[in-house]
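I have placed the structure first, in the form of structure tokens, so that the comments after it can refer back to it.
Just so it is clear, none of the values below were taken in a lab; they were calculated from the coordinates. Keep in mind that what you see is a predicted model, and the values were worked out from it rather than measured. Heads up, the Cβs are rebuilt from the backbone with ideal geometry, glycines too, and the neighbour counts pull from every protein chain shown.
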Amino acid sequence: MHFWGNVIGNQLVWFCAVAGAGRGQYWPAVLAATAYIVSQLLLSAHPSIELKLMAVAIICGLLVDGVAGASGLVVYAALTPAVWLAPVWILALWASFAMTLTVSFAALQRQWRLAALVGLLLAPLAYLSAARGFSSVAFAAPAWRGIAVLGIGWSLALPALAACARRWQPPYQRSARLQSGEGR
């Protein structure tokens, strides 16, 4: 049940964030992300790990989306005062995404190549969906350049986040994975 709540909750945060941003509002993202994060922390066996992952994810968001926005290749709705900062609604998405790294995206902890591929291919699709469905993101022409910047950024950030999630697991969980063959 926690797995599906994790998946569905994260998707609901994404929907609230991009729908709100498309209307020039960042508060739906903050409200939805806060509710989701609190629910996941309450269900977590190790909330301190989730909080550390959230901090690293926000830093990743500041870097990836900050660079994308500052380059002019990606334009975000519901902007922050400084163009080089990632918007609040994007950072709320990064914080929420961190909650998936020990539950629905836990498999990425063992497979950094898969994490890089997911970041490279699937993350830009989410931005494209936000752009086409909600006008919360726009790409300077030609759009492939902004999409490539986001894909490359995510292909670096997601394996790093997955590695942090794996490293910060309690020792008994790491040794159980090694004994079962998952750590290879």
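Before anything else, pin down the relative contact order of the chain: Cα pairs under 8 Å, at least 6 apart, normalised by residue count, whole percent.
27
Calculated FRET efficiency, Leu43 and Ala163, Cβ-Cβ r, R0 22 Å, to nearest 0.05?
For R0 = 22 Å, the calculated efficiency reads 0.40.
Within the chain, which DSSP H helices have Cα atoms that stretch 20 Å or more along the helix axis and a mean Kyte-Doolittle hydropathy of at least -1.0?
Long hydrophobic helices here: 2-22, 27-43, 47-71, 112-134, 143-167.
Which FRET efficiency value, to the nearest 0.05, do you get for Trp27 and Lys52 by plugging their Cβ-Cβ distance into 1/(1 + (r/R0)^6) with R0 = 22 Å?
0.25
Could I have the simple spin-label model distance between Ala35 and Arg132, label points 7 Å from Cα toward Cβ, reported in nm to one decimal?
Taking the simple label geometry, Ala35 and Arg132 are separated by 2.8 nm.
Set Lys and Arg Cβ to +1 and Asp and Glu Cβ to -1, take the dipole of the range 2-180 about its Cα centre, and tell me which of Tyr36, Ala107, Trp144 lies farthest positive.
The residue sitting farthest along the positive end of the dipole is Ala107.
Give the separation of the Cα centroids, the range 94-113 to the range 1-80, in Å.
Centre-to-centre distance over Cα atoms comes out at 14 Å.
Report the extension gain between Met1 and Trp112 in nm, rounded to one decimal, defined as 0.36 nm multiplied by the number of residues separating them, less their alpha carbon distance.
Taking 0.36 nm per residue and subtracting the Cα distance, the gain is 37.3 nm.
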